[in-house]
1. For residues in the stretch 487-497 being in contact with a Gly (Cβ under 7 Å, 6 or more places away or on another chain) and open to solvent by 20 Å² or more (accessible area, probe 1.4 Å), which is nearest to Arg429 (Cα to Cα)?
2. Being among the hydroxyl-bearing types (Ser, Thr, Tyr) and outside any strand (DSSP E or B) is the filter here, so list the residues in the stretch 471-518 that pass it.
3. Applying the selection to the stretch 202-240, what residues are part of a loop (DSSP other than H, G, I, E, B) and either among the aliphatic types (A, V, I, L, M) or closer than 13 Å to Asp180 by Cβ (or both)?
4. Among the numbered conditions (1) open to solvent by 20 Å² or more (accessible area, probe 1.4 Å); (2) under 21 Å from Ala161 (Cα atoms); (3) outside any loop (DSSP other than H, G, I, E, B), tell me where Ala98 comes up short.
5. Test of understanding: among Ala83, Ala32, Ala48, which residue is closer than 22 Å to Ile457 by Cα and either among the aromatic types (Phe, Trp, Tyr) or modelled with pLDDT of 95 or more (or both)?
6. In this structure, does Tyr249 turn out to be open to solvent by 30 Å² or more (accessible area, probe 1.4 Å), hydroxyl-bearing (Ser, Thr, Tyr) and touching a residue at least 12 places away in the same chain (Cβ under 8 Å)?
7. Residues of the stretch 140-166 being farther than 30 Å from Asp55 by Cβ and crowded, with 20+ Cβ neighbours inside 10 Å, which ones?
8. What pairs can you find where one residue is in the stretch 392-414 and within 14 Å of Ala332 (Cβ to Cβ), the other is part of a loop (DSSP other than H, G, I, E, B) and among the β-branched types (Val, Ile, Thr), and their Cβ atoms are less than 7 Å apart, with a gap of 6+ or different chains?
Amino acid sequence: MRALVLLALASPAMAEPVVPVFTEETVPSGLATSFEGDWEYMVGGGVATFDCSGDGKPEVFLSGGVGLSALYVNRSPVGGALAFENTGALELDAVLGAYPLDVDSDGIMDLVVLRLGENRVMRGLGDCRFEQSAWGFDGGDAWSTAFAAIWERGQTWPTLAVGNYVDRKEEAFPWGSCTDNWLHRPGPDGQGFAPPIPLTPSFCALSMIFTDWNRSGQPALRVSNDREYYKGGQEQLWHLDPGAAPRLYTEAEGWKRLRIWGMGIAAADVNRDGFQDYFLTSMADNKLQFLKDPATGLPDYADLAFKSGVTAHRPYTGGDFKPSTAWHPQFADVNNDGWLDLFVAKGNVAKMPDFAAEDPNNLLLGQPDGVFVEAGDRAGVASMGIARGAQVVDLNLDGLLDLVVVNRWAPAQVWRQTGTPGGTWVQVRLQQDGANRDAIGAVVEVRRGAVVERHEIAAGGGHASGSVGWLHYGLGEADSAELRVIWPDGTEGAWQTLPAGSFQILRPDAPAEAWLPQ
C-alpha cells in the first residue's frame, strides 16, 4: 500500500525531532477578543489571517460570538515581539468564523464572514477598510459553520460553498434537523453570485474543502459533518463538474460510509506519494486518511491515525484522561526540519461530563518514518483553554511559524516562536493577473531529493478559520528549495531553485521575485 511508504523507512537510530519553543505574548501583543455565547456558539470561533495593510505581515481577525468581532492590524517589528492594534474595523456581531478571499480579483483582500444569521462578504477597500459588498450574495439566515471557495474552470468569479449547522426553526430541534448547505456559483453574466444551490442532503457541516483528491484536474468538495445531530448521515464528497449540478460520490464509486463527530479538515501530502491525505478531527476518534490505491481511481481511504501516532484521543498532560474534543487541525512544518507537523486545537464543547475538561492543544511533530511525536507541552502551547479555531502562521516574518488560537469564554491566545528551529525555510506568495489573483486551486510542488511533495492551495478547511498569504516550507539542512507551481489552469511552471531564508513572489511564466520584509 502506497500509504505506508514512509512507515517502511523507520529506523531505531532516528533522532527525535527538534522541539520548537513558543512564548505566549497574548497580553503584551494587544489581542483581547473572546469568543462568547452559549448554546448557539458551541461551534465556530474562528480566526482569519491576511494582509490588508500592504506591508506583507498578516493581520488577525477574531470572531467574537455574541460580542463583537475585531480586526487587529499587525504592528510587529520584523523578527520582534508581537504587537497588534484594534482599529475598530470589522466590528460585527454574531460572528462564528471568517475566510479571506479576493472575491472580485482587484488585488485587495475581501473577507467572507460566517454568522449566526446573515453571512456577509465584506469588500476590501484598501488600508484595512471594508464595506458590505453589493455582489448579489445571499447571506441567508442560518447557523453557518463551514466554508470553502474555488474558481471553477472558465469562471472569473469564485464558487463559494457554505456549510450550515442545526436548523433552529425546526420542531425537531436539535435532533435530526440539519440545514441544507449552499453552493454559491457566479451569476449568469459571470459577475457576482447567482441564488444559492442547496446541497441536499446535508448533515450539519463543520468543515469543508475543495480538493483535487485524484489529481484529475477537477476539484471535488469534501464535507465533514457532526453526527451529534444528523440522522442517517455520513462524511461526504461532492462531484463539482463545470456547468453541472453538484452530485454526491456514491459507494458504487468507491466512497465508503464514515460517521464521525466531524469538526475540522486538514489536507496535505503527508506521506509524499503525490496525493492529498486528510486529517479529520472528531471527539475521541480523529482520523488520518491515505488513499489506498490511486491507480483504481476510487476515493477509497485507509485510516492510519493509530500507526501514525495522531489519534490524539485523550489529553497527554494535565491529569484529565477522559476523551478529547478536537476542533481546528492544520499541517505545517513548525520546526523547519522538512517534515510536516500537525497542530490540533482542543476544547470541551461546553461542560460535557463524559469528555475531558482539561484538554490541551496538540503539537504533533512529523518524522521521516511517518510517525508523529507529541510536543505540545514541551513547546509551551499546551493551553487548557476551551479552544476552537486557530492559525499556524508567521506573524512577524522571521521564518518561524507562530500560533493564534481562539478560545470560548476566554481571550484568544497568541504565541511567538522564540526557540532555535530545526532547519531552514523558504516562503512564497503566488500571484497571477486577471481572475483568482492568489491562485486558489494551484499546487506547489517541492522536490526533496527523489521525492516530490505536493501542496494544494485551498480556501477552506480547518474549523471556521482561514488564511491567505505567505506559504511556508521548511527545508531541513538544505540551503535552497527546488519547487514549481502548477497554476489553477493546469499550466506547469518551470522548476526553480530558491535560496533558503528568503521570501519569493511567484508568477506564471516569470522568474521568482525576491521580497524583503520591512
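The values are calculated or read from the model by the stated rules, or taken from the named source; none is laboratory data. Note that the structure is a prediction, hence the values are computed from the model and not measured. Here Cβ is always computed from backbone atoms with ideal geometry, including for glycine, and neighbour counts include all displayed protein chains. Remember, those area values only see protein heavy atoms, side chains included, never the ligands or the DNA or RNA. Shrake-Rupley method; radii C 1.70, N 1.55, O 1.52, S 1.80 Å.
1. Among those residues, the one meeting the criterion is Pro488.
2. Residue satisfying the conditions is Thr491 alone.
3. If the condition is that a residue be part of a loop (DSSP other than H, G, I, E, B) and either among the aliphatic types (A, V, I, L, M) or closer than 13 Å to Asp180 by Cβ (or both), then Ser202, Phe203, Cys204, Tyr230, Gly233, Leu240 are the ones that fit.
4. (1) is the only condition that Ala98 fails.
5. Ala48
6. So Tyr249 fits the description; yes.
7. Within the stretch 140-166, Ala142, Trp143, Ser144, Thr145, Ala146, Thr159, Ala161, Val162, Gly163, Asn164, Tyr165, Val166 qualify.
8. Val392/Val334; Leu401/Val334; Leu403/Val381
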